[in-house]
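Reading through the structure tokens given below for one structure.
Nothing in this text is a laboratory measurement; each read-out follows from the coordinates by a stated rule. Keep in mind that this is a model prediction, so the values were computed, not measured. Every residue, glycine as well, gets a Cβ built from its backbone with ideal geometry; the counts of neighbours run over all protein chains shown.
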Amino acid sequence: MMPSRWKLRYCVAAASSLAIAAAADVMPTSAADSDFDAATGYRISRYRAALPETVPGGTRLYTEDVEKLFKKGNVVFVDVMPSTGAGYDPETGKWRLRKSRKNIPGSTWLPDVGRGKLNDTLTRYFQENLSRISDGDKSRAMLFYCQSDCWMAWNAIRRASELGYTQLYWYPEGTDGWADWDNPIEPSQPVTVTIKPTHVDQ
């Protein structure tokens with residue numbers, strides 16, 4: 001049975017999504033348009049907000065669906081929770097975090113790859129790590145999540161799809177929804193960023 005606190009959260013999120021969709025129908029040039037990059041369609045601001053029901057390039061899943069995949073163990077779980085702190089160290093690539101993170105056991109945590117605009121280092125970080133955790137197989141099933149009402153996973157799914165990955169799952173409730181159903185979470189560490197050496201011409 002769904003916990004009452006989750007029912008309330010789900011109803012509020014659903015109502016917010018419907019309201020946003022209705023507003024978009026009558027005000028296509030509303031202020032909310034500034035939250036998206038006009039050229040790419042990625043969300044670029046206010047990443048914690050009500051979400052749509054679908055994502056381009058991916059399939060939306062609910063907690064019961066994710067539980068089944070988790071038990072089967074044949075899907076790669078990718079946590080794209082953004083970093084809290086000073087970001088990655090440009091010299092060592094280690095993440096300078098202000099807060100610890102607990103996520104779904106077995107997940108690979110790739111911070112900040114769900115932002116609307118990535119620098120060259122984070123673009124390479126995303127591409128290389130997806131290739132690594134999928135064993136170079138772009139048909140490998142991967143599930144992306146963050147926390148509830150978080151656009152980071154939505155952006156990451158789109159970005160992965162544009163890289164040619166074909167079996168992508170979106171879990172918009174993230175660790176909040178997962179934990180609300182009394183599923184396990186565990187301390188996690190983000191994957192270190194690989195810093196390319198700077199070559200100085202002699």
- Task: Could you let me know the centre-to-centre spacing of the stretch 133-176 and the stretch 98-116, using Cα atoms, in angstrom?
- Result: 12
- Neighbourhood charge, 15 Å Cβ-Cβ cut-off, centred on W151 and excluding it, Lys, Arg +1 and Asp, Glu -1: -1
